[in-house]
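*Asks:* Have a look at the structure that comes next, please.
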């Protein structure tokens, strides 16, 4: 299967699930994610604002902020630059604004250095158990994960139907270290 056909197939499968089933799987992912993050004791955790078809990790974001044991950073995409880029900024609920691609993004002036991130939770359209990932095709995470100095432990999160046996990959595709599935 091509990357495009896999994206289309996953989109149809997600649309075929009830909101209740998606919530149940999201809740399972969030609980596993919280345990994983707390066990690793990171100083800086990079998460993401979920799109409607992604695992809702918002409760994990709120939990980590409430626990105040680590700095939580989220991505902000700059599509106006010559080469679109993604940087991570500290999360402050009151300062979130809808940005590129309709995603809630943190504001702020100073991005978190890539080398300061200890653990990063990564979205994707699909994953394999080996950590291969198929993103949305823009390359933002592959570019970030391959940055000089980036050393974070990476965790993919997905619904059970997004975990596949294999995915087409290219040399520039970055794997994650672990995948947390809502099963």
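The values are calculated or read from the model by the stated rules, or taken from the named source; none is laboratory data. Just so it is clear, the model here is predicted, and its values are computed rather than measured. Here Cβ is always computed from backbone atoms with ideal geometry, including for glycine, and neighbour counts include all displayed protein chains.
*Asks:* Being at pLDDT 95 or above and either surrounded by 14 or more Cβ atoms within 10 Å (Cβ to Cβ) or touching a helix residue (DSSP H, G or I) at 6+ places or on another chain (Cβ under 9 Å) (or both) narrows it down to one of 36, 51, so name that one.
*Replies:* Selected residue: 36, the only one of 36, 51 that is at pLDDT 95 or above and either surrounded by 14 or more Cβ atoms within 10 Å (Cβ to Cβ) or touching a helix residue (DSSP H, G or I) at 6+ places or on another chain (Cβ under 9 Å) (or both).
*Asks:* Can I ask one more? Condition check: in contact with a strand residue (DSSP E or B) (Cβ under 9 Å, 6 or more places away or on another chain), assigned to a loop (DSSP other than H, G, I, E, B) and free of Cβ contacts under 8 Å to residues at least 24 places away in the same chain. Does residue 81 satisfy that?
*Replies:* Judged against the criteria, residue 81 is not a match.
*Asks:* Let me ask another. Going through 139, 149, 131 one at a time, which residue ends up being surrounded by fewer than 20 Cβ atoms within 10 Å (Cβ to Cβ), without any contact (Cβ under 8 Å) to a residue 60 or more places away in the chain, at positive phi and touching a strand residue (DSSP E or B) at 6+ places or on another chain (Cβ under 7 Å)?
*Replies:* The unique qualifying residue is 131.
*Asks:* So if I check each of 75, 59, 106, which one is within 20 Å of residue 159 (Cα to Cα), surrounded by 15 or more Cβ atoms within 10 Å (Cβ to Cβ) and in contact with a helix residue (DSSP H, G or I) (Cβ under 8 Å, 6 or more places away or on another chain)?
*Replies:* Being within 20 Å of residue 159 (Cα to Cα), surrounded by 15 or more Cβ atoms within 10 Å (Cβ to Cβ) and in contact with a helix residue (DSSP H, G or I) (Cβ under 8 Å, 6 or more places away or on another chain) holds for just one of 75, 59, 106, which is 59.
*Asks:* Filter the stretch 161-177 down to the residues that are touching a helix residue (DSSP H, G or I) at 6+ places or on another chain (Cβ under 8 Å) and either free of Cβ contacts under 8 Å to residues at least 12 places away in the same chain or exposed (fewer than 14 other Cβ atoms within 10 Å of the Cβ) (or both) and list them by number.
*Replies:* 168, 172
*Asks:* Residue 33: under 17 Å from residue 154 (Cα atoms), in contact (Cβ under 8 Å) with a residue 40 or more places away in the chain and in a helix (DSSP H, G or I), yes or no?
*Replies:* yes
*Asks:* Looking at this structure, is residue 45 crowded, with 17+ Cβ neighbours inside 10 Å, assigned to a strand (DSSP E or B), modelled with pLDDT under 95 and in contact with a helix residue (DSSP H, G or I) (Cβ under 7 Å, 6 or more places away or on another chain)?
*Replies:* For residue 45, the condition - crowded, with 17+ Cβ neighbours inside 10 Å, assigned to a strand (DSSP E or B), modelled with pLDDT under 95 and in contact with a helix residue (DSSP H, G or I) (Cβ under 7 Å, 6 or more places away or on another chain) - is not met.
Per-residue answers, yes or no, for (1) modelled with pLDDT of 95 or more; (2) more than 14 Å from the chain's Cα centre (by Cα); (3) part of a loop (DSSP other than H, G, I, E, B); (4) within 20 Å of residue 65 (Cβ to Cβ):
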residue	(1), (2), (3), (4)
94	no, yes, no, yes
107	no, yes, yes, yes
112	yes, yes, yes, yes
115	yes, yes, no, no
136	no, no, yes, no
156	yes, no, no, no
161	yes, yes, no, no
169	no, yes, yes, no
